[in-house]
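Scroll down for the structure; my scribbles are underneath it.
The values are calculated or read from the model by the stated rules, or taken from the named source; none is laboratory data. As the structure is a computational prediction, the values presented were derived from the model and not from experiment. Reconstructed Cβ throughout: ideal geometry from the backbone, glycine too, with neighbour counts over all protein chains shown.
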Amino acid sequence: MTTEQQIRESLDKVLVPGVMRSLVKMNLLRNIDISGGKAKITLASAALAPEIQDRLKDSIREATGKLDGVKEIDIDFTEAKPKDLNQIKRVIAVMSGKGGVGKSLVTSLIAVTLQRQGFDVGILDADITGPSIPKMFGINNRPGGSDTGLLPVPTRSGIEIMSINLLLPGEDEAVIWRGPLIAKAITQFWEEVLWGQLECLIVDLPPGTADAPLTVLQSLPVSGVIIVFTPQDLTNMIVRKAVKMARQMGKSILGVVENMSYLYIPEIDKKMEIFGSSRGEEMAQAADAPLLTQLPIDPELARLCDEGTIERYDGEAMKGLKDSVSRITA
């Protein structure tokens, strides 16, 4: 006789079109009732267009039709909002006090590292006026959805992405918005996107300490902050600004990342500090947090980002990041 668990296991193999994660992983399964050879399955309709609902019905019947003792399958959809379905264990914000230090790069590498470790991961691109996450992952598909919400766009390895660039007519379209509109867009990305069940959602913040970072730190349940910097003289002041903002918002500093720390020249087996001596340990002390890793200037990484294939990167820096990320997400 078929049990509820057997049906649930079958439904965990049914993928939501456009997201390519299962009904269970997207937390759309609401109820299973078995009685007299009839199975009634109730799903949430959040962010699912009518044609997607019809396709899911067909997939569910195909997946459960051969189960022992199931003579009839009834599938219903019930209304729900994405924010009521999302189950996200950790929200990590990546920030800095200035632009051009590589926050989006660090966000992407952390997401790739977590995904390789078997975690379900998403990226919320909160840099509304300067989004670059989709370009790094080589995605330009428009998000699916309905009037009840949006579905994130998956990368090749399955990392969920939501960015304003995925909603614009073209990736080079300028977003010329004032602060309130930017704040509203970030809030919508949190509340109206069906993220489903995630171990970690990483939020890529724009530079500075103004409206957008403030919205994220006030409106989202941020578990902690990672601060990115480069080895330059003004770094100390910039990092301290970011640290003070995070602490004033009651958020813990999970660690700091030094980007563009050095350039390795294999022909002479030497590291050259192009932007000056490393300030990693100094900044870690200023933030009272661990130095998670020091990322080099790597032409291979730059090439992969330009090609939209950052998920293929496996440089030496990823080893240190793997160990550090494992500690902060434990």
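Here are some notes:
- Boolean, ALA46 is over 25 Å from ILE226 (Cα atoms) and assigned to a loop (DSSP other than H, G, I, E, B): yes
- In the set (1) surrounded by fewer than 18 Cβ atoms within 10 Å (Cβ to Cβ); (2) over 20 Å from GLU192 (Cβ atoms); (3) touching a residue at least 24 places away in the same chain (Cβ under 8 Å), the condition left unmet by ARG30 is number (2).
- In summary, helices (runs of 4 or more DSSP H) completely within the range 217-330 and bearing 2 or more residues that are assigned by TED's automatic domain parsing to the domain that holds LYS103, at pLDDT below 85 and charged (D, E, K, R) occur at 317-328.
- In the range 56-67, the qualifying residues are those that are out of contact with any helix residue (DSSP H, G or I) (no Cβ under 7 Å at 6 or more places or on another chain) and either among the aromatic types (Phe, Trp, Tyr) or touching a residue at least 24 places away in the same chain (Cβ under 8 Å) (or both), and the one that is surrounded by the most Cβ atoms within 10 Å (Cβ to Cβ) is LEU56.
- Of all residues in the range 270-302, those satisfying the criterion of being surrounded by fewer than 16 Cβ atoms within 10 Å (Cβ to Cβ) and closer than 19 Å to ALA111 by Cβ are GLU300, ALA302.
- Sole residue being surrounded by fewer than 18 Cβ atoms within 10 Å (Cβ to Cβ), of a type in the set (Asp, Glu) and within 14 Å of the chain's Cα centre (by Cα), chosen from GLU173, GLU199: GLU199
- Flag if LYS25 is assigned to a loop (DSSP other than H, G, I, E, B) and free of Cβ contacts under 8 Å to residues at least 12 places away in the same chain: no
- Count - residues of the range 149-160 that are farther than 22 Å from LEU28 by Cα and crowded, with 16+ Cβ neighbours inside 10 Å: 0
- Per the listing SER163, SER96, SER104, SER132, the residue uniquely crowded, with 17+ Cβ neighbours inside 10 Å, closer than 24 Å to GLY224 by Cα and out of contact with any strand residue (DSSP E or B) (no Cβ under 6 Å at 6 or more places or on another chain) is SER132.
- Contact annotation: residue pairs with Cβ atoms under 8 Å, 6 or more positions apart or on different chains, pairing a residue in the range 168-187 that is closer than 19 Å to VAL91 by Cα with a partner that is β-branched (Val, Ile, Thr), are ALA183/THR215; ALA185/ILE128; ALA185/ILE164; ILE186/ILE128; ILE186/THR215; ILE186/VAL216; THR187/THR215.
- Of the candidates VAL106, VAL94, VAL101, the single residue that is within 17 Å of MET162 (Cβ to Cβ) and either in contact with a Leu (Cβ under 8 Å, 6 or more places away or on another chain) or in the same structural domain as ARG312 (by TED's automatic domain parsing) (or both) is VAL94.
- Residues (touching a residue at least 60 places away in the same chain (Cβ under 8 Å) and surrounded by fewer than 22 Cβ atoms within 10 Å (Cβ to Cβ)) located in the range 37-49: SER45, ALA49
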